[in-house]
Amino acid sequence: MKALAVEGEVGALAQRLAGPALVRLSSALWRWRGGRREGRPDVLGIAVRFRASEEVTPAASEGDQDLIFLSARRFSLIPIAFFTTKTRDFMDNDYYAQLPFDVADFGRAEFRLVPLRALTVEGNRLERLERAAASGLALLRLEVRRGKRARWMAVADLELYEPVDIDQNALRFDPFRTGRGIVPRGLLQATRLATYTASYLGRMLGARGTRRTRRRVPGTRGGR
């Protein structure tokens, strides 16, 4: 993860998130079958663990931060996203962290990931992702804003460059893993229910289609 902002509150956030990251890209409904089910309605997800060390492990360390993103603008819009997500290419969708957060030294915040490359038209989505990574084009920009009407501000760029061999069953992303000071906001019962449901969906997303990294599944390491 490479910090973009250098000054002010956004710059401070970017510096906290800079460094190695473990990333899992996945789908919700259909298990990976070599691209045969890519045309079906689905939601895609990206789970990111901002790591405190370079070690590649499914176990989280003190200081790690997890953020889970879906190809839906809001949790309530997930049913619609099943029909609007461009399921044939991971890098052809914007991804949103579903709930607002309280961020240390920043305040209320929303996050999204925006891909930064041109769409390719050949191959299944795994092949497209592999080609993009090999060409240095698998880039996602992390952006933040303070609320629905605020403008999005660039925080850092995440480059996906290396598939990793890791135990997917042991790898669990948790939106309440908050080692970099990004904390889910609003713990009233209704919001807590939505948050845990989003977390469960994120885990389900990871469990489908990303079972064995040795088969070149989209479980990758993010660059600095």
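The values are calculated or read from the model by the stated rules, or taken from the named source; none is laboratory data. Remember, predicted model here, so these are calculated numbers, not experimental data. Cβ atoms come from the backbone with ideal geometry, glycine included; neighbour counts cover every protein chain shown.
Quick notes on this structure:
- Among the residues of this structure, G19 counts as one that is under 19 Å from P163 (Cα atoms), assigned to a loop (DSSP other than H, G, I, E, B) and under 16 Å from the mean Cα position of the chain (by Cα).
- Single unsatisfied condition, R212 versus (1) over 21 Å from D64 (Cα atoms); (2) at pLDDT below 85; (3) touching a helix residue (DSSP H, G or I) at 6+ places or on another chain (Cβ under 6 Å): (3)
- Residue count, region 129-188 (criterion: over 21 Å from F106 (Cα atoms) and assigned to a loop (DSSP other than H, G, I, E, B)): 15
- Any hit, region 134-141, residues being farther than 24 Å from V6 by Cα and either more than 17 Å from the chain's Cα centre (by Cα) or at pLDDT 85 or above (or both): yes
- Just so you know, in region 40-92 the residues that are part of a helix (DSSP H, G or I) and in contact (Cβ under 8 Å) with a residue 24 or more places away in the chain include one that is nearest to A156 (Cα to Cα), and it is M91.
- Residue check for V114: within 23 Å of A72 (Cα to Cα), among the β-branched types (V, I, T) and in contact with a helix residue (DSSP H, G or I) (Cβ under 8 Å, 6 or more places away or on another chain): no
- Residues of region 74-93 that turn out to be within 15 Å of L29 (Cβ to Cβ) and of a type in the set (S, T, N, Q), as a count: 3
- Checked against the criterion of being aliphatic (A, V, I, L, M) and at pLDDT 85 or above, region 183-203 has at least one qualifying residue.
- Residue pairs meeting the criteria (Cβ under 8 Å; at least 6 apart or on separate chains; first touching a residue at least 12 places away in the same chain (Cβ under 8 Å), in region 146-175; second part of a loop (DSSP other than H, G, I, E, B) and charged (D, E, K, R)): P163/R216; Q168/R211
- Condition met for P20 (at pLDDT below 95 and loosely packed, with under 15 Cβ neighbours inside 10 Å): no
- Extreme residue, nearest to V10 (Cα to Cα), among residues of region 55-114 that are crowded, with 18+ Cβ neighbours inside 10 Å and among the polar types (S, T, N, Q): Q65
- For region 78-93, the criterion of being under 20 Å from V144 (Cα atoms), of a type in the set (K, R) and either at pLDDT 95 or above or in contact with a helix residue (DSSP H, G or I) (Cβ under 9 Å, 6 or more places away or on another chain) (or both) is met by no residue.
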